[in-house]
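Participant: Once you've had a glance at the structure underneath, I'll fire off some questions.
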Amino acid sequence: MEDFTKKSEESSSSNWWNWATASLAGLLSLPILVVLGYLFTPAGEIWSHLVETVLADYVSNSLLLMFGVAIGSLLLGVGTAWLASMCSFPGRGIFEWMLLLPLAIPAYIIAYTYTGMLDFSGPVQSTIRDITGWGYGEYWFPEIRSLWGAALMLSLVLYPYVYLLTRAAFLNQSLCVLDVSRTLGNGPWRTFFTVALPLARPSIVAGLSLALMETLADYGTVQYFGVSTFTTGIFRTWYGLDNAAAAAQLSAMLLLFVFTLILLERNSRKKSRYHNTSQRHQSISRIPLKGWQSVGAITYCGAAVLFGFLLPASQLGIWATTVSEESIDGAFIDLISNSLLLGGVSALLALLLALFLSYGQRLHNKPIVKFSVRLSGMGYAVPGTVIAVGVIIPFAWLDNSFDSWMRAQFDVSTGLILSGTLFVLIFAYLVRFLAVSLQTVEAGLGRIKPSMDEAARSLGYKPNEVLRFVHLPMLKGSLLTAFLLVFVDVLKELPATLILRPFNFNTLAVRAYELAADERLADAAPASLAIVATGILPVILLSYSITKSRKTK
Amino acid sequence: MPIQLDVKNVSVAYDGVAVVTGINFTLDVGQIGCLLGPSGCGKTSLLRAIAGFEPLASGEIHLHGKQVSSVGATTPPEKRRIGMVFQDFALFPHLSVSENISFGMRLMDKKQTASRVEELLDLMELRAFRHQHPHELSGGQQQRVALARAMGPKPEILLLDEPFSSMDAELREHLARDIRLVLKKDGVTAILVTHDQFEAFAMADEIGVVGEGQLRQWNNAYELYHRPADTMVSAFIGMGVMVSGQVIENGQIALSMGEIVKPAPENCEVGCMVSVLLRPDDLIHDDDSQLTFKIEDRAFRGAEFLYTLKTPDGEKVLCMVQSHHNHQIGEKIGVRLDVQHLTSFPMSDCSECQLTNCQSHQS
């Protein structure tokens, strides 16, 4: 009788998980809830001033930017996905993973790199003047620092989202439907437009929504190019007008845009699941391209890789070598260690939380646990600026209340305990990036069949021992991936870091941005290059999983 | 023999909906039992309740004299000393064959573990593969590893959940017999869940037929085939058809096809309508017989033909005939009845009749 587990004990363990996951979810969704709460607070004077003057600009610029990025990333993403997955031409295998490389470059870095290249004194215009003998003002050259320039920059680094999802969709549908279409007398190109493209549409839309979410979240590019959007508006209202409420209200409006995109993405993903009619996809018979077709394909894919990665990366490399001696000093080492510290700690915490949440969900698949897990992962779509505003408001309130209480009681001023420290910054990173590691860990756990747990239980292992002896060894790969993804995301993150970092605390991203904003483009290059180099890590992971999935086919 | 597993009046429910109800049976030490039934009948839920993965809605389960499950109290699986073989084997991919086998023996000392692993490697003929990982093994080898892993810590009872379902049909019966030998050699008490009656026949001492959440009959293979407890069991086990008849005097039944058979179900009055089970081997082809039926359909089975015959009043019966009797569809052939054990059930409109032949285990 002694080893009897009473039902009440079981349900108390279940209760514990319910409470723990629910409070974690509550904490992590607090910033978003705070921001959304401002939708219902009465609008102040500054808000009505904003509405009269700049709000229309913010909305129209954000919409135009999204429109431009949509066109750009579709043009670059869908065509390359079709060529790299379904056609055969020289170099296809290399392009398949190289097309992902632009993901490694944050949009603000590519933006100032191109600015440097295309400026009046940059290499492109200088060459034009040398050849033609024209002088200043005697020729027209497109202005890169404009809304359409920003859209182009964002498209160049965001099209891989469309490419990735579309490519997967093409590969999934490959065998059955495409062959059926061919047997019904449709040529390969007709098949592309009448079967493959419509079938891939949900995935294309899902990829596009991700790219557009990143567009809405972008701060560095639009700020650098002087385009007024929501994110720059939030910054200006926060620092320039010093008005938290109005900034939060702008953030809340931005969130409504984001939620529309989330709904679009969710909906499309659901559909794309139903659209896969066949589980097995054997080796694809790729369409061989003839001579000039191959040249076209190579030019198309090559242009995407060249302009999205090779060109800006080389420019950064050139700049970095010209300034390497003076700029790589003790301060630069500090930047690197600060970034590594932030990225490492945040990635580790995100990993632990993700493991905790997804294992809780596996053990107790109750609606409340499931809902909490979904809620905790909500931040992935929320722009860093919005999260920063949502984090700072409650923590500043907490700090101030504690400070005034301490002053009243003990006549001691505690200052800002939480909101001026790395604590809030790491918390903001967790809110923003937990979803990344959560998704990876969940997917990894999902691949472990429940019968594994049961087999271990039947062999005398308690649930926590099952986690240690069965799940963790099997999850090694997923855990490493989750850690790396969050680490790199934190390293690249700009707006939340700008707002929340402690005084005099710099990271690679912040420093690169500041130097570029001061027009010291070459000086910004070493930090940028470090970010791009780390950014290549997840690209390698992605292309590794691509080659692996090809091998198992 | 002492009782090893005692299942008393057990019901299992998901979200308040009962999947199995009122299950009773016992297994003696060293006996191999089987829960046999169509998919979705609740047999797997019952097995999972015995393992401790599902709580009970009513009843009790005793393992080796100790109560392990009752309403509101479930000893967790890891404290039951059970071994389980899963449908997908669930081998740990990160462990080698011998590490998989020793996984459940961590409480034994090193020397004991090593010798038990050696013993099982020999028993399952896995010695050559001990350092390989599961993905390098064939399906049959994986299954032997799963079995060895489950038997490793010498469990009180071994539970096998459709262990052959991923095997080729030809392999199954052969494997079932092999595994029976291994289990008997080790003296293991085991219970098997399957939907395949030939697997059950090949492996089990006692078989429980589960249908629509109830245990219909608990008996050995021979009795299940020849004395099915109800129409569900008779339809599920073996081949056969039900034909109608009427009880006449002296406990005899007049079949509507014209023949007279006996005995009628107990307590059935003269005039009662009954259903009679006719197996294909109950009907003998005889060219001299007066009784001739038209061939509706035929299936060649190598050694014999299985003819589907139509009686004059439209009932269909099956008849197994040696395969050199090659008749065409539409021909009439002579048959006679040769029933060794007659199985008959009163029809529903004969309410006062009792079920006959109920070989319930309570008796």
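Participant: Quick check: is even one residue across the range A:280-294 open to solvent by 70 Å² or more (accessible area, probe 1.4 Å) and among the aliphatic types (A, V, I, L, M)? Give the derivation first.
Facilitator: Kept after step one, since they are open to solvent by 70 Å² or more (accessible area, probe 1.4 Å), are these residues of the range A:280-294: A:280, A:282-283, A:285, A:288, A:290, A:292.
Among the residues that remain, those that are also among the aliphatic types (A, V, I, L, M) are: none.
No, because not a single residue in the range A:280-294 is open to solvent by 70 Å² or more (accessible area, probe 1.4 Å) and among the aliphatic types (A, V, I, L, M).
Participant: Free of Cβ contacts under 8 Å to residues at least 60 places away in the same chain and in a helix (DSSP H, G or I): does that describe A:SER337? Talk me through it step by step, then tell me what you get.
Facilitator: Values: free of Cβ contacts under 8 Å to residues at least 60 places away in the same chain: yes; in a helix (DSSP H, G or I): yes.
Criteria met by A:SER337.
Participant: Taking the options A:LEU479, A:LEU491, A:LEU484, name whichever one is within 14 Å of chain B (Cβ to nearest Cβ), touching a residue at least 40 places away in the same chain (Cβ under 8 Å) and part of a helix (DSSP H, G or I). Can you show your working first?
Facilitator: Working: A:LEU491 fails: within 14 Å of chain B (Cβ to nearest Cβ); A:LEU484 fails: within 14 Å of chain B (Cβ to nearest Cβ).
Step by step, each of A:LEU479, A:LEU491, A:LEU484 is checked, and only A:LEU479 is within 14 Å of chain B (Cβ to nearest Cβ), touching a residue at least 40 places away in the same chain (Cβ under 8 Å) and part of a helix (DSSP H, G or I).
Participant: Only one of (1) open to solvent by less than 40 Å² (accessible area, probe 1.4 Å); (2) closer than 16 Å to A:LEU355 by Cβ; (3) within 14 Å of chain B (Cβ to nearest Cβ); (4) of a type outside the set (Val, Ile, Thr) fails for A:MET474. Which number is that?
Facilitator: The one condition A:MET474 does not meet is (1).
Participant: Just to be sure before I move on: is A:TRP189 open to solvent by 50 Å² or more (accessible area, probe 1.4 Å), in contact with a helix residue (DSSP H, G or I) (Cβ under 8 Å, 6 or more places away or on another chain) and farther than 30 Å from A:ALA107 by Cα in the structure I sent? Lay out the reasoning, then the answer.
Facilitator: On the way: open to solvent by 50 Å² or more (accessible area, probe 1.4 Å): yes; in contact with a helix residue (DSSP H, G or I) (Cβ under 8 Å, 6 or more places away or on another chain): no; farther than 30 Å from A:ALA107 by Cα: yes.
No, not satisfied.
Participant: Another question about this same structure. Does the range A:124-145 contain at least one residue that is within 20 Å of A:THR215 (Cβ to Cβ), at pLDDT 90 or above, of a type outside the set (S, T, N, Q) and more than 20 Å from the chain's Cα centre (by Cα)?
Facilitator: no
Participant: Among A:ARG236, A:ARG201, A:ARG182, A:ARG167, which is the only one that is touching a Lys or Arg at 6+ places or on another chain (Cβ under 9 Å) and in a helix (DSSP H, G or I)? I'd like the intermediate steps shown before the answer.
Facilitator: Working: A:ARG236 fails: touching a Lys or Arg at 6+ places or on another chain (Cβ under 9 Å); A:ARG182 fails: touching a Lys or Arg at 6+ places or on another chain (Cβ under 9 Å); A:ARG167 fails: touching a Lys or Arg at 6+ places or on another chain (Cβ under 9 Å).
None of the others qualify; the one that does is A:ARG201.
Participant: Checking the structure you have, find out if any residue of the range B:144-167 is out of contact with any Asp or Glu (no Cβ under 9 Å at 6 or more places or on another chain), modelled with pLDDT under 90, surrounded by 14 or more Cβ atoms within 10 Å (Cβ to Cβ) and more than 14 Å from chain A (Cβ to nearest Cβ).
Facilitator: Scanning the range B:144-167, I find at least one residue that is out of contact with any Asp or Glu (no Cβ under 9 Å at 6 or more places or on another chain), modelled with pLDDT under 90, surrounded by 14 or more Cβ atoms within 10 Å (Cβ to Cβ) and more than 14 Å from chain A (Cβ to nearest Cβ), so the answer is yes.
Participant: Inside the range B:43-74, can you point out the residues that are out of contact with any helix residue (DSSP H, G or I) (no Cβ under 8 Å at 6 or more places or on another chain), among the hydroxyl-bearing types (Ser, Thr, Tyr) and farther than 13 Å from B:VAL7 by Cβ?
Facilitator: B:THR44
Participant: Taking the options A:ILE531, A:ILE499, A:ILE540, name whichever one is crowded, with 18+ Cβ neighbours inside 10 Å and under 29 Å from A:TYR163 (Cα atoms). Walk me through how you get there before you give the answer.
Facilitator: Numbers: A:ILE499 fails: under 29 Å from A:TYR163 (Cα atoms); A:ILE540 fails: crowded, with 18+ Cβ neighbours inside 10 Å.
After ruling out the rest, the residue left standing is A:ILE531.
Participant: Checking the structure you have, find out if any residue of the range B:179-191 is of a type outside the set (S, T, N, Q) and closer than 27 Å to B:PRO280 by Cβ. Break it down into steps so the answer makes sense when it comes.
Facilitator: So the first thing to find is which residues in the range B:179-191 are of a type outside the set (S, T, N, Q), and the list is B:179-188, B:190-191.
From the residues that got through so far, the ones that are closer than 27 Å to B:PRO280 by Cβ too are none.
Within the range B:179-191 (the criterion being of a type outside the set (S, T, N, Q) and closer than 27 Å to B:PRO280 by Cβ), the answer is no, since none of the residues qualifies.
Participant: For the range A:91-163, give me every one of the helices (runs of 4 or more DSSP H) that falls completely inside it and has 2 or more residues that are within 22 Å of A:GLY72 (Cβ to Cβ) and β-branched (Val, Ile, Thr). Let's see the steps before the verdict.
Facilitator: Values: elements: A:92-98, A:107-118, A:123-132.
Answer list for the range A:91-163: A:107-118.
Participant: Taking only the range B:106-143 into account, find how many residues are assigned to a helix (DSSP H, G or I), surrounded by fewer than 16 Cβ atoms within 10 Å (Cβ to Cβ) and within 14 Å of another protein chain (Cβ to nearest Cβ).
Facilitator: 1
Participant: Which ones in the range B:96-105 are more than 8 Å from chain A (Cβ to nearest Cβ), touching a residue at least 24 places away in the same chain (Cβ under 8 Å) and not β-branched (Val, Ile, Thr)?
Facilitator: Pass one, the range B:96-105, residues more than 8 Å from chain A (Cβ to nearest Cβ): B:96-102, B:105.
This time we only want the ones that are touching a residue at least 24 places away in the same chain (Cβ under 8 Å), so: B:96-98, B:100-102, B:105.
Selection gives B:SER96, B:SER98, B:ASN100, B:SER102, B:MET105.
Participant: Quick one: how many residues across the range A:439-464 are at the interface with chain B (Cβ under 9 Å from one of its Cβ atoms), at negative phi and small (Gly, Ala, Ser)?
Facilitator: Of the residues in that region, 4 qualify.
Participant: Given the criteria open to solvent by less than 10 Å² (accessible area, probe 1.4 Å), in a helix (DSSP H, G or I) and among the hydrophobic types (A, V, I, L, M, F, W, C), does A:ALA347 qualify?
Facilitator: Numbers: open to solvent by less than 10 Å² (accessible area, probe 1.4 Å): yes; in a helix (DSSP H, G or I): yes; among the hydrophobic types (A, V, I, L, M, F, W, C): yes.
It is true that A:ALA347 is open to solvent by less than 10 Å² (accessible area, probe 1.4 Å), in a helix (DSSP H, G or I) and among the hydrophobic types (A, V, I, L, M, F, W, C).
Participant: Still on this model: Quick one: B:PHE198 ticks every box in (1) over 10 Å from the mean Cα position of the chain (by Cα); (2) farther than 24 Å from B:VAL10 by Cα except a single one, so which number is it?
Facilitator: Result: B:PHE198 passes all but (1).
Participant: Being over 21 Å from B:GLY104 (Cα atoms) and assigned to a loop (DSSP other than H, G, I, E, B) is the filter; apply it to the range B:168-209 and report the residue that is farthest from the other protein chains (Cβ to nearest Cβ).
Facilitator: The selected residue is B:ASP205.
Quick grid of which residues meet (1) within 7 Å of another protein chain (Cβ to nearest Cβ); (2) of a type in the set (A, V, I, L, M, F, W, C):
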| position | (1), (2) |
| --- | --- |
| B:ALA57 | no, yes |
| B:GLU60 | no, no |
| B:THR74 | yes, no |
| B:PRO77 | yes, no |
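Participant: Looking only at the range A:405-437, how many residues end up being part of a helix (DSSP H, G or I) and either charged (D, E, K, R) or touching a Phe, Trp or Tyr at 6+ places or on another chain (Cβ under 9 Å) (or both)?
Facilitator: If we filter the range A:405-437 for residues that are part of a helix (DSSP H, G or I), which is where we start, we get A:405-410, A:422-437.
Subsequent filtering for residues that are either charged (D, E, K, R) or touching a Phe, Trp or Tyr at 6+ places or on another chain (Cβ under 9 Å) (or both) retains A:407, A:422-425, A:427, A:432-437.
So the count comes out to 12.
Participant: Moving to a separate point now. How many residues does the range A:451-474 hold that are without any contact (Cβ under 8 Å) to a residue 40 or more places away in the chain and part of a helix (DSSP H, G or I)?
Facilitator: At the first step, the residues of the range A:451-474 found to be without any contact (Cβ under 8 Å) to a residue 40 or more places away in the chain are A:451-452, A:454-462, A:464-466, A:468-470, A:472-474.
From the residues that got through so far, the ones that are part of a helix (DSSP H, G or I) too are A:451-452, A:454-458, A:464-466, A:468-470, A:472-474.
The qualifying residues number 16.
Participant: Look through the range B:80-93, keep the residues that are at the interface with chain A (Cβ under 7 Å from one of its Cβ atoms) and open to solvent by 50 Å² or more (accessible area, probe 1.4 Å), and return whichever of them is nearest to B:LYS66 (Cα to Cα).
Facilitator: Taking the range B:80-93 and keeping what is at the interface with chain A (Cβ under 7 Å from one of its Cβ atoms), we get B:82-84, B:86, B:88, B:90, B:92-93.
Those left that are additionally open to solvent by 50 Å² or more (accessible area, probe 1.4 Å): B:88, B:93.
Working: B:ASP88: 30, B:PRO93: 34 Å.
Among residues in the range B:80-93 that are at the interface with chain A (Cβ under 7 Å from one of its Cβ atoms) and open to solvent by 50 Å² or more (accessible area, probe 1.4 Å), the one nearest to B:LYS66 (Cα to Cα) is B:ASP88.
Participant: Here is a further query. Please go through the range A:25-48 and pick out each residue that is among the polar types (S, T, N, Q) and within 22 Å of the chain's Cα centre (by Cα).
Facilitator: Here is the first cut: in the range A:25-48, the residues among the polar types (S, T, N, Q) are A:29, A:41, A:48.
The one that is among the polar types (S, T, N, Q) and within 22 Å of the chain's Cα centre (by Cα): A:SER29.
Participant: If you check every pair at least six apart or on different chains, which have Cβ atoms under 6 Å apart with a residue in the range A:34-60 that is over 15 Å from A:SER251 (Cα atoms) first and a residue that is open to solvent by 60 Å² or more (accessible area, probe 1.4 Å) and modelled with pLDDT of 75 or more second?
Facilitator: Note: no pairs meet the criteria.
Participant: Go through the range B:214-263 and report how many residues are farther than 23 Å from B:ASN9 by Cβ, assigned to a loop (DSSP other than H, G, I, E, B) and open to solvent by less than 20 Å² (accessible area, probe 1.4 Å).
Facilitator: 3
Participant: Could I ask something else about it? Return the only residue of A:VAL157, A:VAL205 being within 26 Å of A:LEU494 (Cβ to Cβ), assigned by TED's automatic domain parsing to the domain that holds A:LEU65 and within 22 Å of the chain's Cα centre (by Cα). Walk me through it before giving the result.
Facilitator: Working: A:VAL205 fails: within 26 Å of A:LEU494 (Cβ to Cβ).
After ruling out the rest, the residue left standing is A:VAL157.
The values are calculated or read from the model by the stated rules, or taken from the named source; none is laboratory data. Since we're looking at a predicted model, the values are computed, not measured. Quick reminder, even Gly has a Cβ in these numbers, built from the backbone with ideal geometry, and neighbours come from all protein chains shown. SASA here: full protein model, heavy atoms, side chains in, ligands and nucleic acids out. Shrake-Rupley method; radii C 1.70, N 1.55, O 1.52, S 1.80 Å.
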